[in-house]
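The values are calculated or read from the model by the stated rules, or taken from the named source; none is laboratory data. Since the structure is predicted, the reported quantities are computational estimates derived from the model, not experimental observations. Neighbour counts run over all protein chains shown; Cβ positions are idealised from the backbone, glycine included. These area figures cover heavy atoms from the full protein model, side chains too; ligands, DNA and RNA do not enter into them. Shrake-Rupley method; radii C 1.70, N 1.55, O 1.52, S 1.80 Å.
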Amino acid sequence: MEFSSVDVKEELLQFLKKGFKDSAVRMNVFKADPQTETELPCVGINRVSDSEAAHILGDFGGEDFDRENLELSEIHSTHFQESMEVRIWHTNADERERAYRILKALLMLFRPVSVQKGLLSFSMEAGKDESDFTGQVAPFPVYWASIVITYLNPLDVQTSEHVEAISGFTSRGGVSIGG
């Protein structure tokens, strides 16, 4: 079995790391929220949802038979509507705001890159600014703001099966043909 789909977390991680570096902003980027104060400032990327968007019975995309290798391949395809929350974490509210504006601009630049990789219907929705001084979120004062990106991500799964060549058969009348 082989499959193809866009690994959005990894693509976004690499894109944002480079984007913040090119913008001369010190920013860690993780595939999850920070665990310690030393990881701040940072961006945490978290999956919010991942659900099939266009289910068709069997999702059969076609088949192919390779006569030379005697291999039958089938492809099954669908699209998943996925959402990722991209959250800025900082210990300074003013710096959080500056980093948030850069993040928003970088996500705008990520949109055409994601479309080239096969994503569809890329959109962004911003959340509200938040903070915590009580120690419930972290044992230190922290500020965060997030943007949720939503898109359609194709999933193609190909199965292959080696088949044996027919060397002969017997008809109902008992006549044998071939081997």
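Miscellaneous remarks
- Flag if R96 is farther than 24 Å from T150 by Cβ and not hydroxyl-bearing (S, T, Y): no
- For segment 128-139, taking the residues that are within 28 Å of the chain's Cα centre (by Cα) and without any contact (Cβ under 8 Å) to a residue 24 or more places away in the chain, the one that is most open to solvent (accessible area, probe 1.4 Å) is identified as K128.
- Just one residue in the set V113, V157, V137 is assigned to a loop (DSSP other than H, G, I, E, B) and among the aliphatic types (A, V, I, L, M); that residue is V137.
- Residue in segment 85-97 that is surrounded by fewer than 17 Cβ atoms within 10 Å (Cβ to Cβ), in a helix (DSSP H, G or I), over 15 Å from the mean Cα position of the chain (by Cα) and among the hydrophobic types (A, V, I, L, M, F, W, C) present: yes
- The lone exception for Q14 - which of (1) modelled with pLDDT under 85; (2) under 15 Å from the mean Cα position of the chain (by Cα); (3) among the polar types (S, T, N, Q) it fails: (1)
- Residues satisfying the stated conditions in segment 1-56, i.e. open to solvent by 50 Å² or more (accessible area, probe 1.4 Å), closer than 17 Å to M84 by Cα and part of a loop (DSSP other than H, G, I, E, B): S5, D7, K31, A53
- Verdict on M108 being touching a helix residue (DSSP H, G or I) at 6+ places or on another chain (Cβ under 9 Å) and under 23 Å from V6 (Cβ atoms): no
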